[in-house]
Ligand SMILES: [Zn+2]
């Protein structure tokens, strides 16, 4: 062989070898950074707090509904569920009575998983995926889930990607507490973006906790709260140790505000905001929008489509 042609051939071979991908090309092509917000248990705050937050930012979330709790105090009504679906939210199954599915017989599993789906569909809702109560499943649970649902979500604080088991989707809590800070959640988002993976975040009731001083009177569960001068509004839940817990309905309660119960007339001075999950949700969505405009916020069903998880 001509020495020149030989050298060119070798160079060509080397250059083509260097472009061979290190992983399966199908997997690489499907890698995209995604984030999903799931609200577990079907609390009314999905509708009264989260719906507008997501809609105002052109986004939607997923709600995982315990059908036995629908239309009861503090939980979503059927018409609120329809309103969420209308706003682009995904309605997910979360059983009829919220048992640990690992403790059930196959017959009980069949009824929890099929009847909850049938109830939601009977109310005119579309349901394709579910969340395991307490994030707990096992092989039997996953096998029976597969008869009725496209996917099941567990916990385990990991990320998902093409090739993930649809009946063992991973998720992390984005609930705030004294120990679980916004910076932890943001670093999970950073990591999902850097690794081009799918982060599923979940939480339950959307609430806020504040420290108050100079309290007088007793607040009544369920009553409206007004915060002045900030103009924020809330719904009282319960007292804690020098604190009150409430649903943050609108505005941003500020230190220095006077909190007043609209029916009890009880009042107090807002000393410190321990956490406010309404504000936190806004911060999380805006963090994604501002830092990672190409990271889509999707429902579980849409995430499964985009990553071709099956
Ligand atoms: Zn639950």
Folded to 0 to 90 degrees: helix 139-148 orientation relative to the chain principal axis, Cα: 90 degrees
Find the relative contact order for the stretch 66-205 and round it to a whole percent, using C-alpha pairs within less than 8 Å whose residues are 6+ positions apart. 18 percent
If you count the DSSP beta bridges with both ends in the chain, what percent of them are antiparallel, to the nearest 5? 55 percent
CD proxy, 222 nm, the chain: helix-only mean residue ellipticity via -39,500 (n - 2.57) per DSSP H run with n ≥ 4, per residue, nearest 500, stands at -9500 deg cm²/dmol
Over the chain, what is the mean sequence separation of C-alpha contacts under 8 Å (at least six apart), divided by residue count, expressed as relative contact order in percent? 20 percent
Shape category assigned to the stretch 208-275 from the gyration tensor of Cα positions, a/c cut at 1.5: rounded
What nm distance separates the two modelled labels at residue 194 and residue 228, each placed 7 Å from Cα along Cα→Cβ? 4.9 nm
Helix 106-122 versus the longest principal axis of the chain: what is the Cα-based angle in degrees, 0 to 90, to the nearest 10? 80 degrees
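How would the stretch 239-310 be classified by its alpha-carbon gyration tensor: rounded, prolate or oblate, with rounded meaning a/c under 1.5 and the a/b versus b/c comparison settling the rest?
Numbers: a/c = 3.78, a/b = 2.62, b/c = 1.44.
Prolate, because a/c is 1.5 or more and a/b exceeds b/c.
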With everything on Cα atoms, drop me the angle between helix 277-291 and the longest principal axis of the chain, reported from 0 to 90° to the nearest 10. 30 degrees
The chain - Kirkwood radius from inverse mean 1/r over Cα pairs (Å): 21.4 Å
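Any read-out appearing in this document is the output of simple, stated calculations on the displayed coordinates, not a laboratory observation. On a predicted model such as this, the values are computed, not experimentally measured, just so you know. Every residue, glycine as well, gets a Cβ built from its backbone with ideal geometry; the counts of neighbours run over all protein chains shown.
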